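Notes follow once the structure below has been shown.
The values are calculated or read from the model by the stated rules, or taken from the named source; none is laboratory data. In this text, all values refer to a predicted model and were calculated from it rather than measured experimentally. Every residue, glycine among them, receives a Cβ derived from its backbone with ideal geometry; neighbour counts consider all protein chains shown. Side chains are part of the model used for accessible areas, which takes the heavy atoms of the whole protein and leaves out ligands, DNA and RNA. Shrake-Rupley method; radii C 1.70, N 1.55, O 1.52, S 1.80 Å.
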Amino acid sequence: MEFPSFYRLNVWRACANMRVWTLFLLLLLLLETGVVCSSSDYLVGLGSYDITGPASDVNMMGYANTGQTASGIHFRLRARAFIVAEPKGKRVVFVNLDACMASQIVKIKVIERLKARYGDLYTENNVAISGIHTHAGPGGYLQYVVYIITSFGFVHQSFDVVVDGIEKSIIQAHDNLRPGSIFVNKGELLDAGVNRSPSAYLNNPAAERRMYKYNVDKEMTLLKFVDDEWGPVGSFNWFPTHGTSMSRTNSLISGDNKGVAARFMEDWFDQKGYEKTDSAQFEDGGLPRKISNIIPSLHNNKHELLEIATSFQSSPGRSATKTLSVSKRVRGAQRKVDKPRFVSAFCQSNCGDVSPNVLGAFCTDTGLPCDFNHSTCGGKNELCYSRGPGYPDEFESTRIIGERQFRKAVDLFNVEDEEIEGEVDFRHAYVDFSQLEVTISDQGDSEVVKTCPAAMGFAFAAGTTDGPGAFDFTQGDDKGNPFWKLVRDLLKTPTKEQIECHRPKPILLDTGEMKKPYDWAPSILPIQIIRIGQLVILCVPGELTTMAGRRLRDAVKTVLTSEDDFEFDNIYIVIAGLSNTYSQYITTYEEYQVQRYEGASTLYGPHTLSAYIQEFKKLAMALINDEAVEAGPQPPDLLGKQISLLPPVVVDGVPLGVNFGDVCADVEQNFTFSSGDMVTASFWTACPRNDLMTEGTFALVEFLQEKDAWIPAYDDDDFCLRYKWSRPSKLSSRSRATLEWRIPQGVTPGVYRFRHFGAAKGLFGSIHHFTGSSSAFVVA
């Protein structure tokens, strides 16, 4: 039987509509039940923000050298954050700071801000903040007295920029949360760190030492974050080496070797647009460069270029808007619309006894190796300095150690070895380490011991081979001397119980019992575990030595793998040192007996490491059993008690007839520069504390495109461009900015000029922004 054609058409339409509605209802049902979703198990977001602090007058944090005061910028500091979340579950935040260490008061205030913005989404429990341990960042942002003495107390400007930067990096990461995947890889990096206290390491049991090939950890562990739509959006890695490639006399703000590595890797990715490119294939000796990618070559005729350059003389200083330097920064101009910026962080680990100065320690007077046990030269520690691979150029040493970490990270990044799978979780607790009972087991026998209120030993004042101390202090001193004990007693005489508790450490500063004008050292410390699938991050508020870190990792791994509930046999455990607050060093019991710098700086006595192991095992057990942990006693908020003695900027001035931004020493004229040359120019300027130029720049190298269009080529976030600030005397209102550009290999030939940005303070407190340009010069 046949039906009329119009009838068949109507039946077909009805069936088609029924199919559409059926599919639509089925899709709604699947969405409601959660069956249809992204193939990714995680939401991933990354963020980064400028935390470069005051570039003048403020003491650097790390070496405790009162003479090391900031006077310019090597390259900028950043807070880099990642968030990993289960779509309908828990989430964690990890922030890596280009700073010496995390700060308790900084975290307290960051969490307060996050709570005001997001409620209970981000708390002290699931947010971790870790420092890379650069010794070239502004100090004054910690709340305990002993850490802010050399910065003349608390520096609000240092504190504010770090808190702001962390908050904004987390906001960026939160806003960038999208479905994605995470991959993990690890590999050996052999030439980026050596043990600076080998005599203490040798005091560890021989059987234990035989378990390891090296006396420092050589393994880098890297996470690669991949957005489902955009592809790779970042990487974070953990590797132990001190941020002391820049010396104790350096005065330029710098992220040191780890900050350099991060800058190189982010530029490498932006430059390549992510092709799986071996880092050894880069044009200029393996380092990424941007300039040839963003501007075309203008001319190659030197005479023609010189003629063009002579037509652009230095311009007088003139007024500028507050945001001009932000709009001119190189990386801001390159950012792609909508796509998240690639973020790469090089995080710190158990670096306590690991130095980047891999050539070893030598006496400055004889050139011979320092004494093995005490790191002295003729009995004096002041003459014993370690040497980086670029010795005697600390900038070159910083570049080399940074480049080695960068190259290894690229190698690991290019191999997607293993995908992260599994739940996201965390545990956090506050523990009072001043009198903590610790149960120590040895071959079936157990003993209960205690930690001690914080105290620092005599060898602390001796410093290390990365930055020796002064006077007659030496490493390995387990006796002390009568004169310095007399000086100590003027501040606080330790009790017999305290002396006995810390033995064999002779106490120089009894910081844990010093409370005037407020606490000198922390007693309550945060410990934290973050789990992302088979990756476990142990957030430790101090600097573990190599063997101490190994023992902690092994102890936690034993707990995690002892339960059948933990679904991964191959777990990755990394230590994030200098996290959430700072409590100096953690050595093994055996290393503590030697009383080198690290042992003398182990605040809570010989059983400090055992206390950490005990408490981290509790967190690990709670993690695998899905149990809550007690929050513990809250650390104090001492912000309202802080004392600030750093004088403010009163007024800035220039000579009569001169404008802010005028050139006072121009570039060399009628001369052609080439790769490797240093080009300099100086400007009349003002104190950089008037405006930190956050997410902007004080210094710029501009490239002439076409006839009169100057475009940004390099700024003060580039390794090759340095901004140096100086004034004739501390009380002078006049100052100069000197810009130094070490022309990198492979630079595009053409016409360039310097440009400087600044902000001057008037007599009545008003701030005037200005800019000025040098004469043009030729690079061929």
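Annotation note: of Tyr585, Tyr572, the sole residue that is among the aromatic types (Phe, Trp, Tyr), more than 19 Å from Ile530 (Cβ to Cβ) and touching a Ser or Thr at 6+ places or on another chain (Cβ under 7 Å) is Tyr585.
Looking at the range 628-706, what strands (runs of 3 or more DSSP E) fall wholly within it and have at least 2 residues that are among the small types (Gly, Ala, Ser)? Talk me through it step by step, then tell me what you get.
Values: elements: 663-665, 678-685, 699-705.
So the answer is 678-685.
What about Glu590, is it open to solvent by 10 Å² or more (accessible area, probe 1.4 Å), among the acidic types (Asp, Glu), farther than 20 Å from Val629 by Cβ and assigned to a helix (DSSP H, G or I)? So Glu590 passes the test. For the range 72-88, filtering for residues that are in a strand (DSSP E or B) and within 16 Å of Val162 (Cα to Cα) leaves 4.
Okay, residues lined up against (1) open to solvent by 10 Å² or more (accessible area, probe 1.4 Å); (2) within 15 Å of Arg78 (Cα to Cα); (3) in contact with a Pro (Cβ under 8 Å, 6 or more places away or on another chain):
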site: Gly231; (1), (2), (3): yes, no, no
site: Asn237; (1), (2), (3): no, no, no
site: His242; (1), (2), (3): no, no, yes
site: Met246; (1), (2), (3): no, no, no
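In the range 75-92, the qualifying residues are those that are over 16 Å from Pro340 (Cβ atoms) and hydrophobic (A, V, I, L, M, F, W, C), and the one that is surrounded by the fewest Cβ atoms within 10 Å (Cβ to Cβ) is Val92. Looking across Gly165, Gly140, one residue alone is assigned to a helix (DSSP H, G or I) and buried (at least 20 other Cβ atoms within 10 Å of the Cβ). It is Gly165. Residues of the range 319-368 that are among the hydrophobic types (A, V, I, L, M, F, W, C) and over 18 Å from the mean Cα position of the chain (by Cα): Ala320, Leu324, Val326, Val330, Ala333, Val337, Val358, Leu359, Ala361, Phe362, Cys363, Leu368. Summed over the range 745-772, the residues that are in a loop (DSSP other than H, G, I, E, B) and crowded, with 21+ Cβ neighbours inside 10 Å give a count of 1. Within the range 165-189, residues that are polar (S, T, N, Q) sit with their Cβ atoms under 8 Å from residues that are assigned to a helix (DSSP H, G or I) and open to solvent by less than 20 Å² (accessible area, probe 1.4 Å), at 6+ positions apart or across chains, in these pairs: Asn185/Leu412; Asn185/Phe413. Hey, can you tell me all the residues within the range 686-726 that are of a type in the set (Asp, Glu) and at pLDDT 95 or above? Those that are of a type in the set (Asp, Glu) and at pLDDT 95 or above: Asp691, Glu695, Glu702, Asp715, Asp716, Asp717, Asp718. In the range 470-492, the qualifying residues are those that are at pLDDT 95 or above and of a type in the set (Asp, Glu), and the one that is surrounded by the most Cβ atoms within 10 Å (Cβ to Cβ) is Asp477.
Checking Ala461, Ala454 one by one, the residue that is among the aliphatic types (A, V, I, L, M), farther than 30 Å from Val127 by Cβ and not assigned by the TED database to the domain that holds Phe264 is Ala461 and no other.
Among the candidates Pro655, Pro688, Pro633, Pro648, which residue alone is open to solvent by 50 Å² or more (accessible area, probe 1.4 Å) and either closer than 21 Å to Ser56 by Cβ or hydroxyl-bearing (Ser, Thr, Tyr) (or both)? It is Pro648. Looking at this structure, is Val106 touching a helix residue (DSSP H, G or I) at 6+ places or on another chain (Cβ under 6 Å), within 22 Å of Asp57 (Cβ to Cβ), assigned by the TED database to the domain that holds Gly89 and surrounded by fewer than 22 Cβ atoms within 10 Å (Cβ to Cβ)? In short, no. How about the range 707-726: which of its residues are without any contact (Cβ under 8 Å) to a residue 40 or more places away in the chain and part of a loop (DSSP other than H, G, I, E, B)? The answer is Lys707, Asp708, Cys720. Here Asp270 passes the criteria (1) at pLDDT 95 or above; (2) buried (at least 16 other Cβ atoms within 10 Å of the Cβ); (3) not in a loop (DSSP other than H, G, I, E, B) except the one numbered (1). Residue check: Gln498 meets all listed conditions (1) in contact (Cβ under 8 Å) with a residue 24 or more places away in the chain; (2) over 18 Å from Ser434 (Cα atoms) but one, namely (2). Considered as a group, the residues in the range 729-743 that are modelled with pLDDT of 95 or more and in a loop (DSSP other than H, G, I, E, B) include one that is surrounded by the fewest Cβ atoms within 10 Å (Cβ to Cβ), and that residue is Ser732. If you go through the range 513-530 and keep only what is in contact (Cβ under 8 Å) with a residue 24 or more places away in the chain and either in a loop (DSSP other than H, G, I, E, B) or open to solvent by 10 Å² or more (accessible area, probe 1.4 Å) (or both), you end up with Glu513, Met514, Pro517, Tyr518, Asp519, Trp520, Ala521, Pro522, Ser523, Ile524.
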